[in-house]
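Below is one structure; the comments refer to it alone.
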Amino acid sequence: MATKRTATGASLPERLDAARAAVEAARTARDEIAELPERSRAETRERMRLMLQAAAEDPARTLRAHVLTAQAGHRADGPMLGATVAGDMTGALAALLGVDHMLEMLAPILARIPDGPPSAERARLLADADAALFAAELAEEKIVVQLEAQGLPVVRRADADPRAVLWMDDDAEAAA
């Protein structure tokens, strides 16, 4: 059975190939954004400053919390750099040396951290990329439905977004 040509002159199978290429391009673009650091270096420095400040305000309480948590067999998370001996000493060092001096000491480490966009900008970029990927998935699914309507067998991609497939099914049922 021959497929109909569209107004652009491309057959539906050709359009399906193009739509699948567009999905892959959108997925690649989204993955590149997702691989960006979660926050900028300035935001990381500010978070470290707040963490050191909180630890310096009451280092003994923070140390007791880490010890009690570790004794109970839990992972010792808290406002510290880590639940190690060095991490437990962070509050005492910040109290003795001052938060600003500690940040100066940590500056070489911060300089090695990859810089990324601010976290709000990264979230916006990721949301835009997700929307573009979903739009590409919907466009592909519309072509798949058209091919199926012509009686041609079409294999959906195994990684097709189920929201696009289910949305099209709901749309087709509403039209029927």
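Side notes on the structure shown:
- Filter pass, Leu126 being in the same structural domain as Ala26 (by TED's automatic domain parsing), touching a helix residue (DSSP H, G or I) at 6+ places or on another chain (Cβ under 9 Å) and over 22 Å from Leu12 (Cα atoms): yes
- Scan of the stretch 44-60 for residues that are crowded, with 17+ Cβ neighbours inside 10 Å and within 21 Å of Gly116 (Cβ to Cβ), ordered by number: Thr44, Met48, Met51
- Qualifying residue in the stretch 65-74 (condition: in contact with a helix residue (DSSP H, G or I) (Cβ under 7 Å, 6 or more places away or on another chain), of a type in the set (S, T, N, Q) and at pLDDT below 90): no
- Residues in the stretch 86-135 that are within 14 Å of the chain's Cα centre (by Cα) and assigned to a loop (DSSP other than H, G, I, E, B): Gly116, Pro117, Pro118.
- Checklist (1) modelled with pLDDT of 85 or more; (2) within 24 Å of the chain's Cα centre (by Cα); (3) of a type outside the set (D, E, K, R) applied to Gly78, failing item: (1)
The values are calculated or read from the model by the stated rules, or taken from the named source; none is laboratory data. Computed from a prediction, not measured in an experiment: that's the story for all the values here. Counting neighbours? That spans all protein chains shown, and the Cβs are built from the backbone with ideal geometry, glycine included.
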